[in-house]
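Down below is the structure, laid out as structure tokens.
The values are calculated or read from the model by the stated rules, or taken from the named source; none is laboratory data. Because the structure is predicted, anything quoted here is derived from the model rather than measured. When we count neighbours, we look across all protein chains shown, and the Cβ atoms used for this are built from the backbone with ideal geometry, even at glycine. Note: accessible area is taken over every heavy atom of the protein model, side chains too, but ligands, DNA and RNA are not part of it. Shrake-Rupley method; radii C 1.70, N 1.55, O 1.52, S 1.80 Å.
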Amino acid sequence: GCYADVGGAGFFADGNDTVKAFAIGAGCDYQIDSRFVIGIGGAYIIGTNDTKAIDALVRVGLLLNPNLLIYGRAGLMMDGDKINFSDSIGTVGAGLETSISSSVTIGAEAYTGIKGWGDFKGAPDNWTGRAFLRYRF
């Protein structure tokens with residue numbers, strides 16, 4: 001099903017620069033069978049130093065039990081002031097999500113930039129971590 005979420009995030013670049021952030025997101029997942037899940041989603045991330053980012057992703061997951069999903073994710077991160085695919089960075093990472101009720105889950109994910117284009121071509125080594133509370137409808 002589809003969902004909306006809120007949470008906290010952090011950007012870590014070159015091991016020195018850290019930006020704390022707030023994130024809101026939405027997406028939809030489809031359970032293929034009793035164990036596999038695929039989905040698309042996105043988040044708008046607003047940092048403490050006026051950093052803004054748009055994170056668009058696809059994810060593929062495995063249900064370890066009915067309440068615990070482990071997944072890999074790939075996506076694009078763009079400047080939060082404008083959607084521009086030619087100025088973006090490709091990302092890969094992983095996450096974990098668990099149910100706390102039939103419609104509420106919590107989770108965490110981490111991802112890193114792997115290839116930049118345009119303004120992000122020379123982006124430093126970076127990691128993003130995000131924890132979220134998700135409502136499924």
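Summary table
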{"item": "Distance in nm between pseudo-label sites at Asn84 and Thr98 (7 Å out along the Cβ direction from Cα)", "result": "4.2"}
{"item": "Cα centre as origin, Lys/Arg/Asp/Glu Cβ charges: the chain dipole, Debye", "result": "320"}
{"item": "Rounded percent of accessible protein surface that carbon and sulfur make up, the chain, 1.4 Å probe", "result": "65"}
{"item": "Net charge contributed by nearby residues that have their C-beta within less than 14 Å of Val104 (K/R +1, D/E -1)", "result": "0"}
{"item": "Probe 1.4 Å, accessible area per residue of segment 26-137, Å²", "result": "54"}
{"item": "Over 22 Å [Cα-Cα, segment 60-137], rounded percent", "result": "36"}
{"item": "Trp127-Ile24 FRET efficiency (beta carbon distance; Förster radius 22 Å; 0.05 resolution)", "result": "0.60"}
{"item": "Percent RCO, i.e. relative contact order, over segment 30-77, from Cα pairs under 8 Å lying at least 6 residues apart", "result": "32"}
